[in-house]
Amino acid sequence: MEKPKFHKNFTLNGFSFTNTDEIVQYVQSFSAETHVFLKDWFSNTAFIVVQTSGSTGKPKPIKLLKSKMINSAFATGKFFNLKPKTTALLCLPVQYIAGKMMLIRAITLGWHLDIVASNANPLATLNKVYDFSAMVPLQVENAVDKLHLIKKLIVGGGVVSNKLQEKLQNISTQVFATYGMTESITHIAVKKLNHAEGFRLKKNQKTYYTTLPNTTIYVDERNCLVIKNEKVTNEIVFTNDVVSLISDTQFEWLGRFDNVINSGGVKLHPEKIEEKLSKIIEQHFFVTGISDEVLGEKLILIVEKGISSNLDVNFLSAKIKALKTLSKFEIPKEMYFTESFVETETGKIQRKKTLQHLQTSSKS
């Protein structure tokens, strides 16, 4: 394979370049991680080795064809109407696919890209306006007051809570949740979070994930999403995400198949329960199932109270029982509290490891 090229309009931190060696040499001055990636990207090899996030299992390296990654960049550019000279901000770690793809989109589509540290509040010291950026929910939460600096924002790497979505209704930024994974070269579908058909979302108005061009979707016998898009992957991707198909191009995400709880014969989706509970619980939390002699599995709530949190357990329990959107099966049977959750490097909660840590701590 011949070396990937770069668009003549591409700039990085305000600098333009005449050849790929100049780009690689420039990034070496401020980011070893980016230098290693771009050196690999501009080589003659046909693929890039990337690391999965490890949110549902052990992180593993996989090979992605550069040609497919370029196709993915063009699909994003077309979907969001991001033309050459688009100003973009990279504030995600280049170690993972989301950060890598921001670089590749800029290089391929001719964007003017700035790179800042991938910390919890990437806009804290910025005052420049950008056309496009990508963040994880924690970054969005911390940067809400300055999100107006981003015209279009995609959010991935975790679920956007109801409370955060409510905050997004009062800003000018067009914010989209993304659905995707390393195997599908980031997002293959997006969902509007604060502008439906050009207008602000009405209270409780539902929006669904809409697939990008050339993407075919269907479900398997588990009702898990199956993805076919020959532009970005040669193989059909069988996911562990339980969905409800709305149409050939739209779906509602219900939760992970790995997380489904079978309690007394009733299948419970933790993510949908968490969506309801997020309206009354301010702390980080999640629900999961543990073994029970009668029910098989019983639903429990685990709350990250932190070291200094004064949590009124009885008050919280009463609020949960009074929440009308919860069915009787969705009310947690027990509550547990821990100072901190076990998370991946990208900030995703590792449910099983957190539960194991909690159970081990309670025995010691």
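The values are calculated or read from the model by the stated rules, or taken from the named source; none is laboratory data. Since we're looking at a predicted model, the values are computed, not measured. Here Cβ is always computed from backbone atoms with ideal geometry, including for glycine, and neighbour counts include all displayed protein chains.
Residue count for region 327-348 under the criterion of being crowded, with 18+ Cβ neighbours inside 10 Å, at pLDDT below 85 and out of contact with any Ser or Thr (no Cβ under 8 Å at 6 or more places or on another chain): the result is 0. Reported count of residues in region 269-289, each being of a type in the set (S, T, N, Q) and either surrounded by fewer than 17 Cβ atoms within 10 Å (Cβ to Cβ) or farther than 20 Å from residue 258 by Cα (or both), is 2. Taking the condition touching a helix residue (DSSP H, G or I) at 6+ places or on another chain (Cβ under 7 Å) and either over 30 Å from residue 36 (Cβ atoms) or not aromatic (Phe, Trp, Tyr) (or both), does residue 181 pass? No; evaluated as a whole, the condition is false for this residue. Number of residues in region 314-326 that are surrounded by 12 or more Cβ atoms within 10 Å (Cβ to Cβ) and outside any loop (DSSP other than H, G, I, E, B): the value is 4.
Under the condition of being in contact with a strand residue (DSSP E or B) (Cβ under 6 Å, 6 or more places away or on another chain) and under 17 Å from residue 282 (Cβ atoms), the residues counted in region 320-335 number 2. Could we say that residue 272 is of a type in the set (D, E, K, R), closer than 30 Å to residue 207 by Cα, outside the structural domain of residue 214 (by TED's automatic domain parsing) and touching a Ser or Thr at 6+ places or on another chain (Cβ under 6 Å) here? Criteria not met by residue 272. When only residues in region 204-228 that are aliphatic (A, V, I, L, M) and part of a strand (DSSP E or B) count, which is farthest from residue 66 (Cα to Cα)? Out of the qualifying residues, it is 219.
Screening residue 231 on (1) closer than 16 Å to residue 181 by Cα; (2) in contact with a His (Cβ under 9 Å, 6 or more places away or on another chain); (3) in a loop (DSSP other than H, G, I, E, B) shows it passes everything except condition (2).
Strands (runs of 3 or more DSSP E) wholly in region 248-313 with at least 3 residues that are over 14 Å from residue 332 (Cβ atoms) - which ones? Walk me through how you get there before you give the answer.
Numbers: elements: 250-256, 261-263, 266-268, 284-292, 296-304.
The strands (runs of 3 or more DSSP E) meeting that bar are 250-256.
Sub-7 Å Cβ pairs linking a first residue in region 145-162 that is hydrophobic (A, V, I, L, M, F, W, C) and modelled with pLDDT under 95 to a second residue that is crowded, with 17+ Cβ neighbours inside 10 Å and not in a helix (DSSP H, G or I), at least 6 apart or interchain, are 160/177; 160/193, ordered by first then second residue. Annotation note: Cβ proximity below 6 Å between a residue of region 1-20 that is outside any loop (DSSP other than H, G, I, E, B) and a residue that is surrounded by 10 or more Cβ atoms within 10 Å (Cβ to Cβ) (sequence gap 6+ or interchain) occurs for 11/112; 12/113; 20/42. Residue 15 meets the conditions (1) farther than 19 Å from residue 110 by Cα; (2) surrounded by fewer than 18 Cβ atoms within 10 Å (Cβ to Cβ) in every case but one. The failed one is (1). Please verify whether region 241-259 includes one or more residues that are touching a Ser or Thr at 6+ places or on another chain (Cβ under 9 Å), farther than 25 Å from residue 285 by Cβ and in contact (Cβ under 8 Å) with a residue 40 or more places away in the chain. Yes.
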